[in-house]
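*Asks:* Please find one structure pasted underneath; my questions will follow.
The values are calculated or read from the model by the stated rules, or taken from the named source; none is laboratory data. Note that the coordinates shown come from a computational prediction; the quantities given were computed from them, not determined experimentally. Positions of Cβ are backbone-derived with ideal geometry, glycine not excepted, and every protein chain shown enters the neighbour counts. Keep in mind that these areas ignore ligands, DNA and RNA; they rest on the heavy atoms of the full protein, side chains included. Shrake-Rupley method; radii C 1.70, N 1.55, O 1.52, S 1.80 Å.
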Amino acid sequence: MKRIIFQFFLIATLINGPAIFSQSKDEKAVREVVDKLFDGMRLADSSAVSVLFHPDVRMMTSYESESGEAALKEGSLEGFLNAIGTPHPEIWNEKIWNTEVRIDDNLAQVWTDYAFFVGDRFSHCGIDAFQLVRGADGFWRIINLIDTRRKAPCNLP
């Protein structure tokens, strides 16, 4: 009986296993854009980061103000690229986990937990939510980026 149960699970794994662990080519390409963004930030390479964004990108941050009220701040690609490219003594390291990628046609959504570190020092955490579009050239680019930002609670992996 144990052998029959084992064979059943083995066959089920062989049939369904690749589907469980596979990622589509588009999902990999979308995830690669996000990974390249954070790699570029670590390298302080604003030119490598700039090509990942659509020219009409919108960038926002949602946070709680010092008075405890919900606040929303709009940023700009230019300001973001200047911050990345301006020399700073410590590496900016944004670590991500629990990343979900969803795609329909030429629209992709990425939702991920993150923690931001300046050197080895924890700065803040939250959620990054990206929307990407695939252009006529076949490349995925970030069209919307919004994040939440807080010091706590942060459930780091």
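*Asks:* Indicate the gyration tensor shape class of segment 22-89 (rounded, prolate or oblate), computed on the Cα atoms with a ≥ b ≥ c the square roots of the eigenvalues: a/c under 1.5 is rounded; otherwise a/b larger than b/c is prolate and the rest oblate.
*Replies:* Taking the square roots of the gyration eigenvalues as a ≥ b ≥ c, segment 22-89 is oblate.
*Asks:* Right, another one. Work through the residues other than residue 66 whose Cβ is under 15 Å from its Cβ and net out their charges, Lys, Arg +1 and Asp, Glu -1.
*Replies:* Spelling it out: positives minus negatives among the neighbours equals +2.
*Asks:* Could you give the accessible area per residue of the chain, probe 1.4 Å, as a whole number in Å²?
*Replies:* Value for the chain: 67 Å² per residue.
*Asks:* Taking 7 Å along the Cα-to-C-beta vector as the label spot, tell me the residue 144-residue 23 distance in nanometres, rounded to one decimal.
*Replies:* Spacing of the two 7 Å Cα→Cβ label points: 2.3 nm.
*Asks:* Give me the percent of accessible area attributable to carbon and sulfur for segment 73-157, probe 1.4 angstrom.
*Replies:* Carbon and sulfur: 54 percent of the exposed surface of segment 73-157.
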